[in-house]
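Encoded as structure tokens, the structure appears first; notes follow it.
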Amino acid sequence: MTAPRTLVVDVGNTTVFAGVFSGTRLVKRFRLTAKAARQPATWTRLIASRTTGSLQGAALSSVVPALTPIIARTLSKAFALTPAVIAAAAPPGLKIGYRRPADLGTDRIACALGARVLFPRRHVIVVDCGTATTVTALHRNGTILGGAILPGVGLWPEMLATRTAQLPRLALRRPRRALGRSPGEALQSGFFFGHAGAIRELVGRVRAEAFGRAPVVVIGTGGHATRFARENLFTVHEPDLILTGLHAFAAQIFAHA
């Protein structure tokens, strides 16, 4: 019997990250550029051109509300199926501890679902290093307790270059040392080690407030997470966490359809 194939798509502020699952196995993944992320018809054609075989289901998360219905219609037309759209109102298998649950980003919900698949019955902190860096605490009982958000590391060079008169725009990289001896070296130090320090501080505080001294799995994910591989910020790196969560969401939705 052929395993069902499911398309999962996460639309962020600057990228589109998508994948195809065969059964529970991720067999293809696509990450598209910022320009493509604003053109649903274009990137849908790109995904379709790389997706062979029929699909039995699709799931979508989007942090761009104005585009979400357009994207859903585009996917429906391209693949002849209606995608399940994840929403904070009723995430399957999760509770949301926000004062207003609908305010929680669907990307963080999808990552939490992925964490539940990979680390069931464990306390988890998800650090998603994307356009924004988000820190999300997930209780082992399935409750998203809350967390923190700060500008992503990729935004730091852009913000300083556009808001100052003399500081240059630099490509982001890990410097060899924190002690910069030129404006460029000092900026690189601040961008990289400053962001790593911010993540470390936030994770430490969130961990203490949410879980006390209980064991916690800290998951690093998102496009920039690999930059911090040497900084000992994460217990584990899971680049496909959000796709895993979207697949779990799709499986639950279609099982009850």
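Computed values, structure above
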quantity	calculated
For residue 99: the one exception among (1) free of Cβ contacts under 8 Å to residues at least 12 places away in the same chain; (2) of a type in the set (D, E, K, R); (3) in a strand (DSSP E or B)	(3)
Subset tally (residues that are surrounded by fewer than 21 Cβ atoms within 10 Å (Cβ to Cβ), of a type outside the set (D, E, K, R) and not in a loop (DSSP other than H, G, I, E, B)) for the stretch 82-96	1
Positions within the stretch 187-202 being in contact (Cβ under 8 Å) with a residue 40 or more places away in the chain and surrounded by 21 or more Cβ atoms within 10 Å (Cβ to Cβ), in sequence order	195, 199
Count of the stretch 200-256 residues which are in contact with a strand residue (DSSP E or B) (Cβ under 9 Å, 6 or more places away or on another chain) and part of a loop (DSSP other than H, G, I, E, B)	10
Subset of the stretch 47-81 that is in a loop (DSSP other than H, G, I, E, B) and touching a Gly at 6+ places or on another chain (Cβ under 9 Å) - its residue that is surrounded by the fewest Cβ atoms within 10 Å (Cβ to Cβ)	64
Residue among 59, 115, 78 that is within 21 Å of residue 21 (Cβ to Cβ), modelled with pLDDT of 90 or more and assigned by TED's automatic domain parsing to the domain that holds residue 22	59
Check on residue 23, within 22 Å of residue 251 (Cα to Cα) and touching a residue at least 60 places away in the same chain (Cβ under 8 Å)	no
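The values are calculated or read from the model by the stated rules, or taken from the named source; none is laboratory data. What you see is a predicted model; the values in this text were computed from it and never measured. Don't worry about glycine lacking a Cβ; one is built from the backbone with ideal geometry, like all the others, and counts go over all protein chains shown.
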